[in-house]
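First comes the structure, then the notes that go with it.
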Amino acid sequence: MTDPRDTSATAFRTRFLPAAAVWAVLVAAVLVAVPLVLAGRLPDPLATHWGPSGRPDGSMSFAAFVLFPAVLWVVVAGIGVGVGVAARARTLVRRASRAFYCAALAWAGGLLITTQAFTVAANLDRGHWTRAAGMSWQVAVVVAAPIALGALGWLAGRRGPDASPAPPPAEPVIDLSPGKRPVWVSTATAPWASWLTLVALAAAVVIAAVARSGLIRDGWGAVVPLALTGVVGAVLSSVSVRVVPEALTVSVGPLRWPLRRVRLDRVERAWVEERYPAQVGGWGYRGLPGRATIMIRGGECLVVRYTSGGELGITVDDAAAGAALLNALIARQHPSVER
């Protein structure tokens, strides 16, 4: 396994992150510069939505057309680069995690640039948005081009070193003193979700203020999605796990809600695994009931198996202590069962 303190891993991280930052700046520059350079040849408002017939049926002011994609990209890229900065060297040296990271950034940037390019082309030199060119085959390109860029990002991310997975640790168990009531509480935080909350809510406030001032007419449509994104980011910013003799309790977010309580008689055993977003399909609540992971940050997870056969993994600090206490409590409930 690659040591996160290994100088080769650290050197790779210092090369990789500037490359991701360059891509973020390049996409932002294109999204802002292209419409500003062609402003004299574009109507205001512009056609920004096309119906099933391929004809324009919705519009957006020029200011909103420039501002909205740029703000959206700042949110996406800010989160992406923030995740990379916060990640340990070991995380970026894992090929699967790195490939997923690159594919997501490439796809998101490609989608925004491709959508903007065809929108500008359809409105170019048209006196009014209702006379914008129709859309037909362009829709297929808007779908396919970002996927192709995402695939290139995936391939680019697979270049470089790869950390071998750690061998699974032995199932932890501790001895409990008779007559005592043990309690274990631990948390994990996600810097990327804190960035998401901060950037999304700040963007929502800025766009709401600009829309209220009358500088743009269509800004309110972006405020609600950005505010909801900020709320989601706040919910995913932390997770807390509490183990007592009666139950395992898992709660998320600064308000510790929503909350999930699992009675201890439903838990068969517990152990520790390393899991990463690329392995489970991203961040948040991933998977299906019966085999799911609450992915707040990559790395150490507390995994519990239910007596029904299902599993739940929670990314939490000091997971080994929590697993040891769970196993000891289960053994105390069923002393005749060999563990």
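The values are calculated or read from the model by the stated rules, or taken from the named source; none is laboratory data. Quick caveat, the model's predicted, so the values are computed rather than measured. When we count neighbours, we look across all protein chains shown, and the Cβ atoms used for this are built from the backbone with ideal geometry, even at glycine. Note: accessible area is taken over every heavy atom of the protein model, side chains too, but ligands, DNA and RNA are not part of it. Shrake-Rupley method; radii C 1.70, N 1.55, O 1.52, S 1.80 Å.
One decimal place: the segment V34-S53 gains 4.1 nm when fully extended, by the rule 0.36 nm per residue minus the C-alpha distance.
Among S238, S136, the sequence by solvent-accessible area, most first, with a 1.4 Å probe is S136, S238.
In segment 192-248, Rg over Rh equals 1.30, where Rg is the alpha-carbon radius of gyration and Rh the Kirkwood radius from pairwise Cα distances.
Net charge in the neighbourhood of V235 (other residues with Cβ under 15 Å of its Cβ; Lys, Arg +1, Asp, Glu -1) is +4. Distance from the alpha carbon centroid of segment 125-159 to that of segment 281-328 works out to 39 angstrom.
Projecting the Cα atoms of V304, V223, A234 onto the dipole axis of segment 194-339, where Lys and Arg carry +1 and Asp and Glu carry -1 at the beta carbon, places V223 farthest toward the positive end.
Using heavy atoms of the protein chains and a probe of 1.4 Å, the accessible area assigned to R261 is about 140 Å². Sorting L259, L38 by accessible area puts them as L259, L38; the probe is 1.4 Å, largest comes first, and only protein heavy atoms count. Over segment 244-339, accessible surface divided per residue gives 46 Å², non-protein components excluded, 1.4 Å probe. Taking every protein chain into account, the 1.4 Å probe leaves Y285 with about 110 Å² of accessible area, to the nearest ten. Here the simple spin-label model places points 7 Å from the Cα toward Cβ, and for R131 and A151 these points are separated by 4.0 nm. Residue-normalised convex hull volume from the C-alpha trace of segment 222-339: 103 Å³ per residue.
Between V185 and V231, the simple spin-label model (points 7 angstrom out along Cα→Cβ) gives 2.7 nm.
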